[in-house]
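Below is one structure, written out as structure tokens, with a few remarks after it.
The values are calculated or read from the model by the stated rules, or taken from the named source; none is laboratory data. Worth saying up front: this structure is predicted, and the values here are computed from it rather than measured. Cβ: placed from backbone, ideal geometry, glycine included. Neighbour counts: every protein chain shown. For accessibility, only protein heavy atoms count, side chains too; no ligands or nucleic acids. Shrake-Rupley method; radii C 1.70, N 1.55, O 1.52, S 1.80 Å.
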Amino acid sequence: MVIRSSFGPHGRYPLYTGLIATLAGCSLAALLSIWGSVEIERQFEQVFGTLVGMCAGDRAGDACAAFRQVERTLLERVAVMLLLQGLCFAVIVAGMMLIAQRAHRILVKRTEAALALMPDSSRSRGRDEIERLVDSLAELSARQAGFEAEGRWRQQASSEQLRRKTQALQTLHQVARMFTDGDVSEFSLRNGLVLLESSLGARTVALRLSTPAHKALGTGPLLGTHGEPAIVRQLEVEQDAREVSARVLPPSPDCPVHSLVVPVCRGDVSVGTLVIEFPESARVDDLQVHLAESFAHLAALAISSVSRSQEERRVALMEERSAIAGELHDSLAQSLAYMKIQVARLQRGLDREKHPTDVAQAARELREGLSAAYREVRELIAAFRVRMGPGGLLSTVQDTVDDFAQRSGLDISFVHDLGRCHLEVNEEFHVMQVIREALSNTVRHARAYHVWVSIHYGPEHLLTVVVDDDGRGLTNPYAESNHYGLSIMRERAHSLGGEVTVDHRPGGGTRVQLTFSPQKLPAGRLTESTP
């Protein structure tokens, strides 16, 4: 039964099949040996039976007696031999059955159990069970080697990922400290862009600022590490479209490399756009995008804080000036107005009666002085109530020029070239008041037709404000009736660390010129002066 079940899966277990065939051959040989012994016994019986029959008549013969003795001995020996051969055959059959059963357990059952754990692809290969086991073990070894290699690769990838994340955190930490330890300027922004470029492995990184942002910082509209990225030109064409999320731009004919564009905004207020250009063989992954977004968020907070701080200082200064204007209006201006009325009554009373000429002259001079003081106080109140618009100095000066031109009918033009010069809030107010005072004097005294206002930042870190007119000019600017306005302008120039001059304009008219050095150096000069 074991032998029959062993031959069931034909061709799958050739070693086991060969062993069973060998055992069967051995059993057949033993059986044939027994059969041969039986045939020999029959032959002996026939031969000796014939001889004994021939000796039947001669019972006393010695030969016949010998034959009978030999016949009995041979038959006894053959019987014993047949018994031994039968016992040997039984032992051989029992041994073969035990060997077959053991071989079935080892070569069939264990092989089946081992192959059941192997992949399906390895079960049909190999010529016999051992070869299939060897092939399966080889495949398992190969798979194990593959798993180990994959494990090492994953470990290396995890280590690389951890290293990059650590580097990104260090970059963000340095940028955050850079933006919070000091004033945010073009210098700090450029250093932050350099750190970001090194961490990302980018070819160049640029920050395109919005108009209010670069005016608040006193920088150009584009800050870059290694020139202008090629994709910026495409973004300038799409300048009406606002970036809402980070996007990776694939290579194109205009830009043959991958680019990353990230919006720099705080809430709904757009501050600018971060543009990153990668090398030709580089690809952009999620970690790089997240790092760029985090940098853009920090930059937006820093730039917004600068604008908000300037606006807060401007509002605080405006509120303080409004309070001073209110106090002047409620105290000194009211007192001067009352004294002016009383002096006018005094002068009318003196005119009706005869008094010495010097008394009448003193009354007239007192009235004129009070009128001038009252006018100057009113001008101070108006000056203190001047508000700096959200567009900054240039926008407010343009509004002032337009207002004076509309009220006076004069042709007033305004040109400016501030470049990267950035003024403090207090400096902006002083410059604005000098221009207002100069325009006011021109309207009242110059009898001009044209006025030219200019603001220029020079290479020696000097800001020059010039107000020219084509009026009658000044014979002695320091002795005119508007001497109080000139002294106020000189005081403002002194507070700025500069000077103001009032001279004849070449070609006729008057020139008022204010020159001073702003407190802050532009970022370009700051970089040049840093060792």
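Modelling each spin label as a point 7 Å along the Cα-to-Cβ direction, I'd like the Arg407/Asp503 distance in nm, to one decimal.
3.0 nm
How many Å² of accessible area per residue for the stretch 155-298, probe 1.4 Å?
Details: 7500 Å² over 144 residues.
I get 52 Å² per residue for this part.
7 Å from Cα along Cα→Cβ at both Arg163 and Ser252: what's the point-to-point distance in nm?
Roughly 3.5 nm, to one decimal.
Can you give the extra length, in nm with one decimal, that the chain gains between Arg367 and Asp285 once fully stretched, where that is 0.36 nm per residue apart less the Cα-Cα distance? Write down the numbers at each step before the final one.
Numbers: separation 82, 0.36 × 82 = 29.52 nm, distance 8.09 nm.
Computed gain between Arg367 and Asp285 is 21.4 nm.
Suppose R0 equals 45 Å. What FRET efficiency, 1/(1 + (r/R0)^6) with r the Cβ-Cβ distance, do Lys109 and Met81 give to the nearest 0.05?
On the way: r = 40 Å, r/R0 = 0.89.
The computed FRET efficiency comes out at 0.65.
Starting from the Cα gyration tensor of the stretch 157-308, take the square roots of the eigenvalues, sort them a ≥ b ≥ c, and report rounded, prolate or oblate (rounded when a/c is under 1.5, otherwise prolate if a/b is larger than b/c, else oblate).
oblate
Using the Cα centre of the stretch 155-225 as origin and beta-carbon charges of +1 (Lys, Arg) and -1 (Asp, Glu), tell me which of Gln174, Leu193, Ser159 is placed farthest towards the positive end of the dipole.
The one lying farthest along the dipole's positive direction is Ser159.
Extension gain Val47-Thr22, at 0.36 nm per residue separation less the Cα-Cα distance, in nm?
On the way: separation 25, 0.36 × 25 = 9.00 nm, distance 3.71 nm.
Extending this stretch completely gives an extra 5.3 nm.
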